[in-house]
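Below: the structure, in structure tokens.
The values are calculated or read from the model by the stated rules, or taken from the named source; none is laboratory data. All of these numbers come straight from a predicted model, not from anything done at the bench. Virtual Cβ from ideal backbone geometry, glycine too; neighbours counted across all protein chains shown.
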Amino acid sequence: MIMDKPRIYVDFNEMLDDDIVLLSQNDTKIDSAGNIITFYEGMPVSIYMDDVDCDGEEDNLIAEGIVIKPDLNKYPWIKHVKWCCRFNRNSWMNESDLMNGKKES
């Protein structure tokens, strides 16, 4: 499946809360198109995690969010993490859902 736009890889298994995922240990990360992205507080980001559908076909999980600093008082065990992403739970879907929605529009 081809992504609708460049996205930053996250691991949705590394969730801090129901709408916060670990994003990066550094100030930069390479997106799915090979661009170096430099993070800042409040930056809008498009994120993804690789996934497959029930037939074993690629069907990435995707979401939209903003870059935030981790709350080290609430999560002291993530001192190594520099940036997190607070994502919109309503935007979290499989890529095929987005593509199917676009076809119907």
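Structural remarks
- Pairing each residue of the stretch 64-86 that is more than 16 Å from Ile47 (Cα to Cα) with any residue that is surrounded by fewer than 11 Cβ atoms within 10 Å (Cβ to Cβ) and among the charged types (D, E, K, R), provided the two are 6+ apart or on different chains, yields C-beta distances under 8 Å for Lys69/Glu41; Leu72/Lys79.
- The stretch 24-46, residues that are assigned to a strand (DSSP E or B) and either among the aromatic types (Phe, Trp, Tyr) or more than 20 Å from Trp92 (Cα to Cα) (or both): Thr28, Lys29, Ile30, Ile36, Ile37, Thr38
- Qualifying residue in the stretch 47-57 (condition: at pLDDT 90 or above, touching a helix residue (DSSP H, G or I) at 6+ places or on another chain (Cβ under 9 Å) and either assigned to a helix (DSSP H, G or I) or among the aliphatic types (A, V, I, L, M) (or both)): no
- Exactly one residue out of Asn94, Asn90, Asn100, Asn26 is of a type outside the set (A, V, I, L, M, F, W, C) and at pLDDT 90 or above: that is Asn26.
- Here the stretch 58-73 is the region considered, the condition is being surrounded by 16 or more Cβ atoms within 10 Å (Cβ to Cβ) and assigned to a loop (DSSP other than H, G, I, E, B), and the residue that is modelled with the highest pLDDT is Pro70.
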